[in-house]
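Step one of this worksheet: look at the structure below.
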Amino acid sequence: MNPENEVKPSTKKRIAVIPGDGIGKEVIPQAVGVMRATGAALEFTEFDWGADRYLRDGTTVPPDGFTMLARDFDAILVGAFGDPRVKTNIHAKEILLGMRFQMDLYANVRPVRLLDAGLCPLKNVEPKDVDFVVLRENTEGVYTDAGGVFKQGTPDEIAMQEDLNTRKGVERIIHYAFEYCRAHRKLDGSPRSKVLMCDKSNAMTHAGGLWQRVFKEVSAGFSEITTQHMYVDALCLQMVRDPRQFDVVVTNNMFGDIITDLAAALQGGLGMAASGNIHPGRTSMFEPVHGSAPPIAGKNLANPFGAILTAAMMLRHLKFTREPDQIEAAVLEAVRLNKTTQDANGTLGTREAGQWVAEHVMI
Ligand code: ATP
């Protein structure tokens, strides 16, 4: 039997927790604390995958690690990977990219929502003006690391980095975007209605051509949804000029990575941004958008709200309804009352901000 199809006997949803490195080890306990405070029927199992383990015994992912996660858990909550002591970053690559690629978590869902006007660096922008989602293809593109280096270290050195795009891969993420648009509403309750595909098909004609053709084909099955196209450079400009125009954005792995850092700035910085790595029907993985942030790690400075909002997203994916609403309401209240870390205009530490949300989650 395919392990992903096995019946999972526990009535509680089983969550694998992998805090990882740096601030991941600080923000994830806060996210778990908040989930516990909701009283949701959850069972947590923590794994020590990360730089410390790698430096101790050379393990990045234990044998059959990904099979075990898919078989034994309903969802995975991840912190961040990256540690200055591991110069090659091999553990981060094998754990994080390994999970995305080998578990085939092809849809990286990154909601971009402004909780409070004071968090946005743009003038005259209110929360209702920043409420879109970026769907990033998560298993292909340049991140497959296909290519090579020839004549390394000589003046004739050649480096090639291939951009891998399969019809299946492009089709399923674009299809996911249209389905997402159909199934989700904006924060104000109005329906989502537009899917924008972002590429660089004027310069990258082969891959861009495939994305263009597939976008047109898939959109034909969703006649009620408006379609739009933008080159990635124009999209960056428009995102800063007028974020109101975006609803559902679908793009490739690299462009999705880059534009969601920009998008994170619109919602108050990397510390506020949540994400999910999803394959519908399979065990999926949820992680804050930020990395391990070595400069602030271990100082109780990291904003835990990206991780806490990620936990809410995971619970919603697992079909909890009350708990994710409660978590999001408590974070919103914390932001309004400045019960936040310094990056979000507050004075609290990571632990104190997390505890504040945990204490207010049931009120
Ligand atoms: P990666 O490549 O691993 O995604 P990155 O290069 O995008 O990482 P991050 O580690 O995410 O970088 O962080 C960059 C900077 O953003 C940090 O050094 C920190 O100043 C800020 N930052 C990121 N996350 C947070 C957070 N949760 N709270 C406060 N500041 C943060």
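The values are calculated or read from the model by the stated rules, or taken from the named source; none is laboratory data. For clarity, every value in this text was computed on a predicted model and none was experimentally measured. Quick reminder, even Gly has a Cβ in these numbers, built from the backbone with ideal geometry, and neighbours come from all protein chains shown.
Counting only strands (runs of 3 or more DSSP E) wholly contained in segment 142-224, the ones carrying 1 or more residues that are within 24 Å of Ile278 (Cβ to Cβ) occupy 194-199. When Pro280 is tested against (1) farther than 17 Å from Arg351 by Cα; (2) surrounded by 23 or more Cβ atoms within 10 Å (Cβ to Cβ), only condition (2) is not met.
Every listed requirement among (1) assigned by TED's automatic domain parsing to the domain that holds Ala80; (2) within 14 Å of the ligand (Cβ to nearest atom); (3) surrounded by 19 or more Cβ atoms within 10 Å (Cβ to Cβ); (4) among the aliphatic types (A, V, I, L, M) is met by Ala312 save one, (2).
Exactly one residue among Val289, Val331 is more than 10 Å from the ligand (Cβ to nearest atom) and either under 22 Å from Gly20 (Cβ atoms) or out of contact with any strand residue (DSSP E or B) (no Cβ under 8 Å at 6 or more places or on another chain) (or both), and that residue is Val331. Contact map, segment 16-42: first residue within 10 Å of the ligand (Cβ to nearest atom), second residue part of a helix (DSSP H, G or I) and among the hydroxyl-bearing types (Ser, Thr, Tyr), Cβ cut-off under 8 Å, separation 6 or more or different chains; pairs are Ile23/Thr350; Glu26/Thr350; Val27/Thr350.
Restricting attention to segment 180-189, and to residues there that are surrounded by fewer than 20 Cβ atoms within 10 Å (Cβ to Cβ) and in contact with a Phe, Trp or Tyr (Cβ under 9 Å, 6 or more places away or on another chain), which single residue is nearest to Asn253 (Cα to Cα)? Before you say what the answer is, go through the steps one by one.
Start the filter on segment 180-189 by keeping residues that are surrounded by fewer than 20 Cβ atoms within 10 Å (Cβ to Cβ), which leaves 180, 182-189.
From what's left, in contact with a Phe, Trp or Tyr (Cβ under 9 Å, 6 or more places away or on another chain): 182, 186.
Working: Arg182: 23, Lys186: 24 Å.
Among them, the one singled out is Arg182.
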